[in-house]
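A.B. asks: Can you keep this structure in mind? I'll have questions shortly.
The values are calculated or read from the model by the stated rules, or taken from the named source; none is laboratory data. All values reported here derive from a predicted model rather than from experimental measurement. Glycine gets a Cβ as well: all are built from the backbone with ideal geometry, and neighbour counts include every protein chain shown. Only protein heavy atoms, including side chains, enter the accessible area calculation; ligands, DNA and RNA are left aside. Shrake-Rupley method; radii C 1.70, N 1.55, O 1.52, S 1.80 Å.
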Amino acid sequence: MDTVTKRLIKEIKNIQNSPNEQIPELHPISDDDLLEWKAVILGQEDSYYKGGRFELAISVPKTYPIQPPKIRFVTKICHPNVHFKTGEICLDLLKTEWSPAWTLQSACMAICVLLTQPEPSSPLNCDAANLLRCGDELGYKSLIQMYVNMYAKQQ
Amino acid sequence: MKDFPLISPCDYTLKHYVGFIQLFINNEEHEYPIEIKLDDPSNIKTATIYSEKLSNLLEDNKKIISQMLQNSSDLNTFLIDLKDLLEKKEILLSSKKYPLKYISKMIKEFDEIGWDKISNLKSDLHSLTLNINDSYNRNHKLDLIFPYNYNTEVIQIKADIPEKIDNKYFINELSKIVDFYKNIFDKYNNFWSQLEEIDKKTWVIEPLNPPRSSNYRRIIIEKKCSINIQVNPNNPRSFPIYQFMGSDDLVQKWTMILINKQHQWNINISIYENLKKILNIEFPQKEKMSLSDISDACGICYSHYLTIEKDDKLEKLLPDKQCKNVKCSQPYHYKCIFEWLRSLTTTKKSFNYLYGKCPYCEEMITLPIN
Ligand SMILES: [Zn+2]
Ligand SMILES: [Zn+2]
């Protein structure tokens, strides 16, 4: 068994032993390929993403955990640090600040935190970032909630 | 017959068998008609073998075959030995690798060694394994690879012993090889006895399934602490090179005990007995604890054992590097942390050392470049 498979099997066990309620789903898409994962994260109660359910696609490189996983939003989301069309996420942790001390679960938790604490200085979605930078809280909030209602409403 | 479905008795007297014996030679199956007559059906020693196609082979090996008949308990086991012998001989005689003159020399050598000591004879004499017993009931395997040019090149010999031997033997010197290595194997009896006792009476976490060439053992002392000892093959009962591994305070405690009591080391008793006496402990047994009680897994691959390739062999290694920050002390496999530090742009390299950040606490880790 190669190193990445062994590590991912341990991560799966850890996720099963201590699941996170912010992340109701986090698992490989199929048992045959442990490198492609699906995750679902929930918008936190005290945030504008409340009531939203967001699917993430995680692609684990063969060089994991030396290299970070590639994570993008599948569910459309309006967020200053997420590209609206591609779902690409701008998060230092997934780029320069990555370390093998992180796991797929803790990386997903970091994305949950990013939802409540956006970083408007490195925007991938200019409309949202501009509203936030201009201090238009109301406009910002209603834009986000419109997209949550359109794409991410929980059943 | 059990292993020879193509051979059956002619009648109820069970004195006369006919059929075919199948030989596998160079990956091909050959069938030879064979006939066996027994004067006394309950006594295999009274058997005579006939086969026109194999008559030369049978005639040449008359002596060995009659010996085999003496040592067999029944016809089936005799035929297994016979088949094995005939296959080996056929491989030798059908080989086009060496001229017949050399082949017949080799056959003489094999006769002297005993054909039962030879296994894994590969087609066209590429390689074989010699099974050698030392004087202390240990079985050793000697892997031989034959050269292409028999006049100038020598046999490559792979032996599982704790030293490198550079003797040169040509293909017609097989019995010399056996004699030479038998002496070498006997020479290390005391060394292997020391390690066998340790393997039997303690919990060795590294190496797993140690080869006979290995001279070190990592033994569990207690939870979160192990000792790595390196035994001198030429002076096995002398005080070994050692290193305690595990949590800092335990390593310090046990190192002090061993340093203070080192003068009590007695070369008349075994390493195991010495360690037991000096450390004053009962060594923990494997069944009582799990590996996670003993040591933490590597912070990068999340495994206890990492399989690496070393000298053509797969070895399983435990984490051998630890973050020096006492609050962190995260263990890593050398290879894992090396790959990580090498991938960082902030890692500095100087005089064959890497200086980079621990993935967990960001303290500096210093790593020699092997
Ligand atoms: Zn490792
Ligand atoms: Zn550290």
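A.B. asks: As a test of the definition: which semi-axes, in Å, follow for the stretch A:3-152 when you take the square root of five times each eigenvalue of its alpha carbon gyration tensor? Largest first, please.
C.D. replies: Sorted largest first and rounded, they come to 28, 16, 12 Å.
A.B. asks: What does the charge dipole of the stretch B:187-337 about its Cα centre add up to, to the nearest 20 debye, if the Cβ of each Lys and Arg holds +1 and the Cβ of each Asp and Glu holds -1?
C.D. replies: My answer is approximately 220 debye.
A.B. asks: Follow-up. Ignoring the sites themselves, what is the longest stretch of chain A with no trypsin sites (Lys or Arg not before Pro) in a DSSP loop and at most 16 other beta-carbon atoms within 10 Å? Mind showing how you got there, number by number?
C.D. replies: On the way: sites that count: A:Lys50, A:Lys62, A:Lys76, A:Lys85, A:Lys95.
The longest uninterrupted stretch comes out as A:96-155.
A.B. asks: So for the stretch B:232-284, taking the charge dipole from beta-carbon charges (+1 Lys/Arg, -1 Asp/Glu), which of B:Asn280, B:Ile241, B:Gln264 sits furthest toward the positive end?
C.D. replies: Positive-end residue among those listed: B:Gln264.
A.B. asks: Separate question: Mean residue ellipticity at 222 nm from the helices of the protein assembly as shown, using -39,500 (n - 2.57) per DSSP H segment of n ≥ 4 over the full residue count, to the nearest 500 deg cm²/dmol?
C.D. replies: -9500 deg cm²/dmol
A.B. asks: Work out the length of the dipole vector of chain A about its Cα centre, built from +1 on the beta-carbon of each Lys and Arg and -1 on the beta-carbon of each Asp and Glu, and round it to the nearest 20 debye. List each step's numbers first, then the result.
C.D. replies: On the way: 16 positive and 18 negative charges, 28 e Å.
For this selection, approximately 140 debye.
A.B. asks: For a test of the definition: using alpha carbon positions, the gyration tensor, and the 1.5 limit on a/c, classify the stretch B:303-370 as rounded, prolate or oblate. Working shown, then result.
C.D. replies: Values: a/c = 2.37, a/b = 1.39, b/c = 1.71.
It is oblate, given that a/c is not under 1.5 and a/b is not larger than b/c.
A.B. asks: Among A:Pro69, A:Pro120, A:Pro100, which one shows the biggest mean-square fluctuation in a GNM of chain A, springs joining Cα atoms closer than 10 Å?
C.D. replies: A:Pro100
A.B. asks: Considering only B:Asp311, B:Asp81, B:Asp111, give the residue with the highest GNM mean-square fluctuation for chain B, with springs between Cα atoms whenever their separation is below 10 Å.
C.D. replies: B:Asp311
A.B. asks: Which ³J(HN,Hα) values in Hz, rounded to whole numbers, follow from the phi angles of the stretch B:4-17 under the Karplus curve 6.51 cos²θ - 1.76 cosθ + 1.60, where θ = phi - 60° and Gly and Pro get x?
C.D. replies: Here the 3J(HN,Hα) series is 10, x, 8, 10, 9, x, 7, 8, 6, 5, 6, 9, 9, 10 Hz.
A.B. asks: Rounded to the nearest 100 Å², what is the buried accessible area between B and A, both sides summed, probe 1.4 Å?
C.D. replies: Summing both chains' loss of accessible area gives about 1100 Å².
A.B. asks: Relative to the isolated chain, which residues of the stretch B:290-309 have their accessible area cut by 50 Å² or more in the presence of all protein chains (1.4 Å probe, heavy atoms, no ligands or nucleic acids)?
C.D. replies: Hits at the 50 Å² cut-off: B:Ile300, B:Tyr302.
A.B. asks: Which value, in Å² rounded to 10, gives the accessible area of B:Val204 with a 1.4 Å probe and all protein chains present?
C.D. replies: 20 Å²
A.B. asks: Reachable aspartates and glutamates from B:Lys88, Cα under 17 Å, same-chain residues fewer than 8 places away excluded?
C.D. replies: B:Glu28, B:Glu29, B:Glu31, B:Glu59, B:Asp60, B:Glu109, B:Asp111, B:Glu112, B:Asp116, B:Asp124, B:Asp143
A.B. asks: For B:Glu206, list long-range residues whose amide hydrogen, built 1.01 Å from N in the peptide plane, is under 5 Å from its own amide hydrogen.
C.D. replies: Those lying under 5 Å, H to H, from B:Glu206 are B:Arg218.
A.B. asks: Determine the order of A:Cys126, A:Cys134, B:Cys328 by accessible area, beginning with the largest, at a probe radius of 1.4 Å.
C.D. replies: Largest accessible area first, the list is A:Cys134, A:Cys126, B:Cys328.
A.B. asks: Compute the accessible area per residue over the stretch B:218-370, keeping the other protein chains in place, probe 1.4 Å, unit Å².
C.D. replies: Here the per-residue accessible area is 57 Å².
A.B. asks: Hey, can you grab everything whose amide H is under 5 Å from the amide H of B:Ile365? Only 5+ residues off in sequence or another chain; H modelled, so Pro and N-termini drop out.
C.D. replies: It is B:Gly356, B:Lys357, B:Cys358, by chain and number.
A.B. asks: Please name which of A:Leu8, A:Trp102, A:Cys134 has its Cα lying farthest along the dipole of the stretch A:3-152 towards the positive end, using unit charges on Cβ (Lys, Arg +1; Asp, Glu -1) and the Cα centre as origin.
C.D. replies: A:Leu8
A.B. asks: At a 1.4 Å probe, what is the % contribution of carbon and sulfur to the accessible area of the protein assembly as shown? Each step should come with its number before you reach the end.
C.D. replies: On the way: 14200 of 28720 Å².
It is 49 percent, rounded to a whole number.
A.B. asks: Tell me, which residues of the stretch B:332-364 get at least 10 Å² less accessible area when the other protein chains come in, versus the chain alone (1.4 Å probe)?
C.D. replies: B:Glu339, B:Trp340, B:Ser343, B:Pro359, B:Tyr360
A.B. asks: Further, regarding this structure: Between Rg and the Kirkwood Rh of chain B, both from Cα atoms, what is the Rg to Rh ratio?
C.D. replies: That ratio equals 1.12.
A.B. asks: If you keep only loop residues by DSSP, which chymotrypsin sites (Phe, Trp or Tyr not before Pro) in the stretch B:277-370 have at most 12 other Cβ atoms within 10 Å of their Cβ?
C.D. replies: Working: sites: B:Tyr302, B:Tyr305, B:Tyr332, B:Tyr334, B:Phe338, B:Trp340, B:Phe351, B:Tyr353, B:Tyr355, B:Tyr360; in loops: B:Tyr302, B:Tyr305, B:Phe351, B:Tyr360.
Here the chymotrypsin sites (Phe, Trp or Tyr not before Pro) that fit, given the DSSP loop and packing criteria, are B:Phe351.
A.B. asks: How big is the charge dipole of the protein assembly as shown about its Cα centre, in debye rounded to the nearest 20, if each Lys and Arg gets +1 on its Cβ and each Asp and Glu gets -1 on its Cβ?
C.D. replies: 1340 debye
A.B. asks: Mind listing the long-range amide H neighbours of B:Glu222? Cut-off is under 5 Å, sequence gap 5 or more, other chains count too, H placed in the peptide plane at 1.01 Å from N.
C.D. replies: none
A.B. asks: Loop only per DSSP, at most 15 neighbouring Cβ atoms within 10 Å: give me the trypsin sites (Lys or Arg not before Pro) in the stretch B:1-43, ordered by residue number.
C.D. replies: The qualifying sites are B:Lys2.
A.B. asks: Set Lys and Arg Cβ to +1 and Asp and Glu Cβ to -1, take the dipole of the stretch B:7-94 about its Cα centre, and tell me which of B:Ile80, B:Thr48, B:His16 lies farthest positive.
C.D. replies: Of the options given, the answer is B:Thr48.
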